Structures are given as structure tokens and as C-alpha cells.
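As C-alpha cells, the structure follows; a few thoughts come after it.
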Amino acid sequence: MRTLAALVFPGFETLDYFGPIEMLGGPAQGIQIITVAKGHDPVPSVHGQRIVIDKTISEKNDYDLLFIPGGDSALDAAKDEELMQWIREASANAERVMAVCTGTVLLGMTGVLDGRKATTNKLDFTETVPLAPRVDWIKEARWVEDGKFFTSSGVSAGMDMSLAVVADLYGMEAADKVALGCEYEWHKDANRDPFAKSAGLI
């Protein structure tokens with residue numbers, strides 16, 4: 001059984017979080033989802049619903065997997081040095097690290113992606129990537145894999161990335177089974193990114 005720390009912060013994007021968790025949390029994967037936040041109080045998403053916290057960042061930083069969603073408020077979360085230090089430590093301890101949308105920018109601002117390839121939301125790409133200038137930002141990619149780090153473009157792309165992680169950990173057959181069970185049409189080509197063009201990046 002692998003443990004997955006699913007980080008949340010006030011204003012996290014709902015599909016960024018729940019889409020990948022749906023893909024990663026199936027019983028066949030043997031992954032225990034643990035919702036992590038700075039404090040014990042339930043954390044509201046950008047749409048207002050609150051999620052109950054399992055562990056705080058002060059309680060534990062050694063999980064097998066780390067997942068970070070995005071949202072406009074991710075850049076506010078980056079101002080919290082205690083949280084940023086936890087992300088650095090949890091990233092070092094994890095065998096796979098995943099981030100979606102502006103969650104990748106948050107991850108990049110910790111320094112753990114320095115010199116690595118990564119991608120993020122294409123609509124906000126030009127404005128946000130300068131916040132982590134030592135990351136090798138890829139303009140056209142649905143998701144990017146670099147070592148143990150998996151990062152995705154905006155919102156729905158996190159589901160495709162998560163299935164790629166399932167395939168990486170458990171095999172393609174397991175990932176296909178999850179996608180089928182969700183009635184989800186998985187975009188398996190990480191380079192298929194029509195949103196980069198529509199955002200004027202290429």
C-alpha cells in the first residue's frame with residue numbers, strides 16, 4: 001500500500017484535485033489517499049465546498065507519493081515559507097511527485113524543479129512561469145515527465161497525467177482499466193496540446 005499526500009490550500013481548483021484523485025485512488029492501485037493541509041480546519045476549494053483534513057504538514061512529510069493541485073490561490077500559498085519547506089521535504093521523500101496547473105508553478109517556486117522540464121496551465125503560462133525561472137518550461141505539452149516529477153497543463157490535463165503515473169507504477173493495463181471504469185477517454189499522447197496554440201504560445 002502506497003501513501004499519497006494530496007495537498008490542499010484555500011481556493012484549490014476542484015477538478016485539479018478530484019479528477020486525479022479519482023484516477024489514483026481506485027482500490028486496484030493500492031494507494032491510500034491522505035489529504036494534507038497546513039492546519040486541521042476543513043479547507044475550502046475555489047467553489048466553496050470544504051474538504052476534511054487527514055494530516056497537517058507538521059505531522060508528517062514522508063509519503064510515497066505527493067500530489068499538488070493548482071488554482072489561482074496557489075501563488076498565495078507560495079508566500080508561506082513553512083508550506084514551501086514542507087513541499088521541498090515531501091518531494092525529496094516521495095518516489096513520485098505530481099502537480100497540476102499552477103500547482104506546478106508552486107512546486108517550481110520551491111526550487112525542486114530547477115533544471116527539470118515541466119509544464120503548467122497554458123492560459124496563465126506567460127504570466128506565471130517567470131516565478132520559477134530555473135525550470136525548463138515546456139510550452140506545448142499535455143503533461144511532462146522528468147524523472148520522478150510529473151506535471152500537467154490546466155485542470156482536466158491532470159487526469160491524463162495521473163493515468164500516466166498509474167501506468168508508470170502499475171502498468172498500462174492497470175491505467176486502461178481505471179480509465180474504462182471512469183468512462184474517461186484518456187489522451188495518452190503527452191505532446192497533444194491544442195491549448196498551447198489557442199493560448200498563442202506556439
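The values are calculated or read from the model by the stated rules, or taken from the named source; none is laboratory data. Predicted model only: the values in this text are computed from it and were never measured. We place every Cβ from the backbone using ideal geometry, glycine too, and count neighbours over all the protein chains shown. Surface areas here come from the heavy atoms of the whole protein model, side chains and all, with no ligands, DNA or RNA. Shrake-Rupley method; radii C 1.70, N 1.55, O 1.52, S 1.80 Å.
Looking only at the range 33-61, count every residue that is within 30 Å of MET172 (Cα to Cα) and under 16 Å from the mean Cα position of the chain (by Cα) and tell me the total.
Summing the residues that are within 30 Å of MET172 (Cα to Cα) and under 16 Å from the mean Cα position of the chain (by Cα) in the range 33-61 gives 4.
Name the residues in the range 56-88 that are of a type outside the set (S, T, N, Q), open to solvent by 70 Å² or more (accessible area, probe 1.4 Å) and either within 17 Å of PHE149 (Cβ to Cβ) or not in a helix (DSSP H, G or I) (or both), would you?
GLU59, ASP62, ASP72, LYS79
May I ask you to list the residues in the range 172-195 that are of a type in the set (Gly, Ala, Ser), part of a helix (DSSP H, G or I) and under 19 Å from the mean Cα position of the chain (by Cα)?
Residues satisfying the conditions are ALA175, ALA179.
For a quick check of your reading of the model, give me the residue pairs whose first member lies in the range 180-194 and is within 10 Å of TRP143 (Cβ to Cβ) and in contact (Cβ under 8 Å) with a residue 12 or more places away in the chain, whose second is open to solvent by less than 100 Å² (accessible area, probe 1.4 Å) and of a type in the set (Asp, Glu), with beta-carbon atoms closer than 8 Å and at least 6 apart or on different chains.
Here the result reads HIS187/ASP160; ALA190/ASP160; ASN191/GLU140; ASP193/GLU140, each pair linking the range 180-194 to a residue that is open to solvent by less than 100 Å² (accessible area, probe 1.4 Å) and of a type in the set (Asp, Glu).
Which residues, taken from the range 147-189, are in contact with a helix residue (DSSP H, G or I) (Cβ under 7 Å, 6 or more places away or on another chain), over 19 Å from LEU107 (Cα atoms) and either open to solvent by less than 70 Å² (accessible area, probe 1.4 Å) or aliphatic (A, V, I, L, M) (or both)?
LEU163, VAL166, ALA167, ALA174, ALA175, VAL178, ALA179, CYS182, TYR184, TRP186, HIS187
Could you go through the range 110-118 and let me know if any residue there is closer than 20 Å to PRO20 by Cβ, part of a loop (DSSP other than H, G, I, E, B) and either open to solvent by 50 Å² or more (accessible area, probe 1.4 Å) or free of Cβ contacts under 8 Å to residues at least 24 places away in the same chain (or both).
Within the range 110-118, one or more residues are closer than 20 Å to PRO20 by Cβ, part of a loop (DSSP other than H, G, I, E, B) and either open to solvent by 50 Å² or more (accessible area, probe 1.4 Å) or free of Cβ contacts under 8 Å to residues at least 24 places away in the same chain (or both).
Across the range 89-108, what is the total count of residues that are open to solvent by 10 Å² or more (accessible area, probe 1.4 Å) and part of a helix (DSSP H, G or I)?
Going through the range 89-108 one residue at a time, the tally reaches 3.
Within the range 156-171, how many residues turn out to be touching a residue at least 12 places away in the same chain (Cβ under 8 Å) and outside any helix (DSSP H, G or I)?
1
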